[in-house]
Structures are given as structure tokens and as C-alpha cells.
Amino acid sequence: MVDYVVLPGVLSARQVSLARRRLSKGGGHCPWIIVKVDSNEVYQKIEELLQEADGVMLARRELALTVEP
């Protein structure tokens, strides 16, 4: 059984919702969905993504290159 799934490259809550539907297909256990935040674009949408995702994982190295202090 898988407990967590990390989704890199997510740009919208719709993508998270689609992943959740596919992972829970058949009515079985759906693992927690964690969105990997690896760009400023994704960082700006973090509130929207958390409406569908169970958590976020910050990719500090990539964010340091794209987010202004």
C-alpha cells in the first residue's frame, strides 16, 4: 500500500483533482497527495493547490533561483 504520492510539475488544482480521481479509482485507498513546489509560478498558486492537495513539499534549491527575496 502506498501512503504518499508526490506530484511534481503541477500547475493547477484541477491537475491534483484528476490525479486523486485516478489514484482512488475502484474505490480503494487513495494515498495522500503532496504537491512539489519548484517554481515561483507554482508558489503563487499554493493556496489554490492546497484546496485539493493534502500538503506541499518545497524544493528549496529550485525556488531560490526563481523567487525574489
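All of the numbers you see were taken from the coordinates with simple rules; none came from a lab. Since the structure is predicted, the reported quantities are computational estimates derived from the model, not experimental observations.
Of note:
- For residue 39, residues with placed amide H under 5 Å, excluding near neighbours: none
- Here Cα Rg over 2.2 N^0.38 Å was computed from the coordinates, and among [x] 1.16; [y] 1.43; [z] 1.31 the match is [x].
- With respect to the chain, whose longest principal axis is taken over its alpha-carbon atoms, helix 13-23 is tilted by about 30°.
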